[in-house]
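Below: one structure, written as structure tokens.
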Amino acid sequence: MATQTIVHKKNDKSKRLAQVKSVPNLEKDIAMETEGLYVYYGQKEAIKNISLSFPKNGVTALIGPSGCGKSTYLRSLNRMNDEIENCRIEGSIIYKGIDINSPMANVFEVRKQIGMVFQRPNPFAKSIYKNVAYGPAHHGIKNKSQLDEIVEDSLRKAALWDEVKDKLHQSALALSGGQQQRLCIARAVAMNPEVLLLDEPASALDPVSTGKIEELIGELKKDYTIIIVTHNMQQAARISDNTAFFYMGEVVEYGETEQIFTNPNNERTENYISGNFG
Ligand code: ADP
Ligand code: MG
């Protein structure tokens, strides 16, 4: 995979002349990390002092009761919280040696390289083909055969190609929920990201579609670093390498998934995974 930076292009007027600090995640086994991250909605502190590192080509699950800040934290990882009025961030989020919130980081590059899939499938009201080709076309790829190739490759990676190859120009909205979610994954993959953020991607799906998404995550981790929010504990145990347990805006415990689920260190983690609350 070609190395891409997230700084503004050379002739971009908004480029700032800041020095890149030497930071730990230039080490090759960490894709990104947060350091002392706080997120506020107005006065409300939704994320409190979270420092986590995400291993490259690993699957990290974020678990915890509803309302404890999992989505807020995930959205901060590719600056989706910029879209929320009143939302403010302190601390750092380091990706490729740069704080993604620093003036020198380009938000479009950040979101291109750190893709996101939401809880409810949200395909555009366009054809299957256009859903996948939209991002690359917008980022300057105009050549038809090149776009065809990206569309096919992305749909294959999202395990959807065989089901849609004969109806690429039909509306995406006619697909089932599970197919729409895989289409949203294909749409993110088409941007050639390095990190994929998934916010409860299977929670609106039936068990068969959920199984397909879980299988797909196992395939995708070969190419991408995956950070997934799930409230389904069995799912976290099945698909992730590492797990962070969130509680009231903090990470109470982080470790290898097997350890978290078999031998948690913290009592609150133990109560949660044994179903005593949440
Ligand atoms: P989770 O994904 O773990 O269920 P969220 O990140 O959605 O938790 O929410 C964490 C806290 O932040 C909750 O108290 C929630 O009410 C609050 N919150 C989330 N989104 C917003 C928002 N856009 N404006 C104000 N408060 C919000
Ligand atoms: Mg959530």
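Couple of notes before you dig in:
- Meets criteria (surrounded by fewer than 20 Cβ atoms within 10 Å (Cβ to Cβ), in contact with a His (Cβ under 9 Å, 6 or more places away or on another chain) and of a type outside the set (Phe, Trp, Tyr)) for Ser274: no
- Subset of region 190-233 (residues that are away from ligand 2 (no atom under 13 Å from the Cβ) and at positive phi): Asn192
- Number of the exception - Ser71 against (1) in contact with a strand residue (DSSP E or B) (Cβ under 7 Å, 6 or more places away or on another chain); (2) small (Gly, Ala, Ser); (3) more than 16 Å from ligand 1 (Cβ to nearest atom); (4) open to solvent by 10 Å² or more (accessible area, probe 1.4 Å): (3)
- Matching entry among Arg111, Arg79 (being of a type in the set (Lys, Arg) and at positive phi): Arg79
- Yes/no for Met116 being over 14 Å from Tyr38 (Cα atoms), open to solvent by less than 40 Å² (accessible area, probe 1.4 Å) and either modelled with pLDDT under 95 or within 13 Å of ligand 2 (Cβ to nearest atom) (or both): yes
- Among the residues making up region 203-247, those that are among the small types (Gly, Ala, Ser) and under 20 Å from Gly275 (Cα atoms) are Ser203, Ala236, Ala237, Ser240, Ala244.
- Of all residues making up region 30-68, the number that are more than 8 Å from ligand 1 (Cβ to nearest atom) and either open to solvent by 50 Å² or more (accessible area, probe 1.4 Å) or assigned to a helix (DSSP H, G or I) (or both): 9
- Within region 120-134, the set of residues being part of a helix (DSSP H, G or I) and in contact with a His (Cβ under 7 Å, 6 or more places away or on another chain) comprises just one member, Tyr129.
- Helices (runs of 4 or more DSSP H) wholly inside region 135-200 containing at least 2 residues that are farther than 20 Å from Leu216 by Cα: 144-157
- In region 94-119, the residues that are assigned to a loop (DSSP other than H, G, I, E, B) and either without any contact (Cβ under 8 Å) to a residue 24 or more places away in the chain or farther than 18 Å from Arg182 by Cβ (or both): Lys96, Gly97, Ile100, Asn101, Ser102, Pro103, Met104, Asn106
- Qualifying residue in region 197-207 (condition: more than 20 Å from Asn78 (Cα to Cα), more than 16 Å from ligand 1 (Cβ to nearest atom) and within 20 Å of the chain's Cα centre (by Cα)): yes
The values are calculated or read from the model by the stated rules, or taken from the named source; none is laboratory data. The structure presented is a predicted model; accordingly, all values stated were derived computationally and were not measured. Cβ coordinates were reconstructed from backbone atoms using ideal geometry, including for glycine residues, and neighbour counts include every protein chain displayed. These accessible areas exclude ligands, DNA and RNA; they are computed on the full protein's heavy atoms, side chains included. Shrake-Rupley method; radii C 1.70, N 1.55, O 1.52, S 1.80 Å.
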